[in-house]
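What follows draws every value from the coordinates through simple rules; no lab data is involved. Predicted, not measured: the structure shown is a model, and the values here were computed from it. In this analysis, Cβ positions are derived from the backbone assuming ideal geometry, glycine residues included, and neighbour counts consider all displayed protein chains.
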Amino acid sequence: MSVVMSVAELTDLVAAVLARHGLAAEAARSVAGVVAAAERDGSRSHGLFRLPGYVATLKSGWIDGGAVPVVSDAAPGLVAVDAANGFAQPALAAGAPLLRAKARGQGIAALAIRNSHHFAALWPDVEPFAEEGFVAMAFVNARSRVAPWGARKKFLGTNPMAFACPRPDGPPLVWDQASSVVAQGEVLLAAREGHALADGIGLDAEGDPTNDPKAVLEGGAMLPFGGHKGSGIAFMVEIMAAAVTGGRFGFEDRSAAFPGAQTSNAGECVILVDPARAGGADVGVRLGGLFAGLAGAGVPRLPGDARYARRRRSLAEGITIPQETWDTVQRLLAG
């Protein structure tokens, strides 16, 4: 058995669950939107699967459900937002209008969010900007879960990054990836569903390679993608998201003092470039030529295309929620 819902219905439901457990109404809508978007686009590891983690974190006291972001006009090309120990999505929404205005006015601008909790997919943060014609990049750091290249224990976060740019004849090109071989959500799913990880994903508590997702989660570590190259990117993300914003580094995490907390209090950096200002008015034509060239070289699909296909199906047929997941959501709604 399963339940089929529209995106709007699912957003309303998730918002109600989050509000039920102490998240302010406006923030609940903001966070619910990214949970529903992930479910809509088939990103199971960042959709309803994470809702119990949001609730557990709210109940733990680690995050402030009533947080009100504080936006500062920090410099001609910089917007700073103190998320006030709340979720990153409301902080991004609060700072986005000024960020857009600065990027439109001078061609480039950055948003630095600190004291925030990001527990969602990252692509929803950048896709809307690309729909408006910007090239957008985002960086988020997290608590220590990844062993840097050559190390045997965790130190860096999975540290995702996302990129989006306009496409002249379709939705934006968007990619979102962790600096680890797979996102932590994939390891959590593997542990819940009882299947082994592929080789090269994680280490156990002794620093030895393991295929057991529980061993990775319980004292072990994940590994960076691409060996030393992925490790370098994870380090870069740590600097962009924490050092540049004033957020916590992953190794400074204090969530262990709050039983049940699953998020990281860290930072996020978003950079917008107006390509029309930098590359000229023909940028759309040039991008079209780039994408056509990729297709001509045999590239079967561009980043994000599979997600868009799943989105079209969900919008046409509704989002199918397995009965077990539906039952979990209903239990959370009941309190």
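I'd like the Karplus ³J(HN,Hα) series for region 292-309: coefficients 6.51, -1.76, 1.60, θ = phi - 60°, whole numbers in Hz, and an x wherever there's a Gly or Pro.
Those phi angles translate into 5, x, 4, 4, x, 7, x, 5, x, 7, 8, x, x, 5, 5, 5, 5, 5 Hz.
Between L294, L58, L188, which gets the highest mean-square fluctuation from a Gaussian network model of the chain, Cα cutoff 10 Å?
Of the options given, L294 has the highest mean-square fluctuation.
Each residue of region 109-125 in turn: what ³J(HN,Hα) in whole Hz from Karplus with 6.51, -1.76, 1.60 and θ = phi - 60°, glycine and Pro shown as x?
Coupling constants for region 109-125: 7, 10, 10, 10, 9, 10, 6, 10, 10, 10, 10, 10, 4, 9, 4, x, 6 Hz.
Using helices alone, I'd like the mean residue ellipticity at 222 nm for the chain: each DSSP H run of four-plus residues gives -39500 (n - 2.57), total over residue count, nearest 500.
Calculated from helices alone, the mean residue ellipticity at 222 nm is -12500 deg cm²/dmol.
Determine the dipole magnitude for the chain: charges of +1 sit on the beta-carbon of Lys and Arg, -1 on that of Asp and Glu, nothing else is charged, the reference point is the Cα centre, and the result goes in debye to the nearest 20.
Here the size comes out at about 200 debye.
For K214, K229, which order do you get if you count the other beta carbons within 10 Å of each Cβ and list the fewest first?
So the ranking, lowest neighbour count to highest, is K229, K214.
Quick one: longest stretch of the chain between exposed loop GluC sites (Glu not before Pro), exposed meaning at most 11 other C-beta atoms within 10 Å and loop per DSSP?
That would be 1-205.
Among (1) 34, 22, 20; (2) 35, 30, 16; (3) 29, 24, 23, which is the computed semi-axes √(5λ) of the Cα gyration tensor in Å?
(3)
Before anything else, pin down the relative contact order of the chain: Cα pairs under 8 Å, at least 6 apart, normalised by residue count, whole percent. Provide the component values of the computation, followed by the final result.
Values: 746 pairs, mean separation 76.6, N = 335.
Answer for the chain is 23 percent.
Return the single residue from F155, F258, F163 with maximal mean-square fluctuation; model: Gaussian network over the chain, springs between Cα atoms under 10 Å.
F258
Can you list the residues, at least 5 places off or on another chain, whose amide H is less than 5 Å from the amide H of G133, using H built in the peptide plane?
Here nothing satisfies the definition.
Under 1.5 on a/c is rounded, so check that first for region 211-250, then, if it is not, pick prolate when a/b is larger than b/c and oblate when it is not; a ≥ b ≥ c are the square roots of the alpha carbon gyration tensor eigenvalues.
Oblate shape, in that a/c is at least 1.5 and b/c is the bigger or equal ratio.
Hey, what do the phi angles of region 317-332 turn into as Karplus ³J(HN,Hα) couplings, whole Hz, using 6.51/-1.76/1.60 and θ = phi - 60°, x for Gly and Pro?
After applying 6.51 cos²θ - 1.76 cosθ + 1.60, I find 10, x, 8, 8, 10, x, 4, 4, 5, 4, 4, 4, 4, 5, 5, 5 Hz.
Using +1 at the Cβ of each Lys and Arg and -1 at the Cβ of each Asp and Glu in the chain, identify which of V187, L98, P322 lies farthest towards the dipole's positive end.
Of the options given, the answer is L98.
I need T245, T328 ordered by Cβ neighbour count within 10 Å, fewest first.
Fewest-to-most Cβ neighbours within 10 Å comes out as T328, T245.
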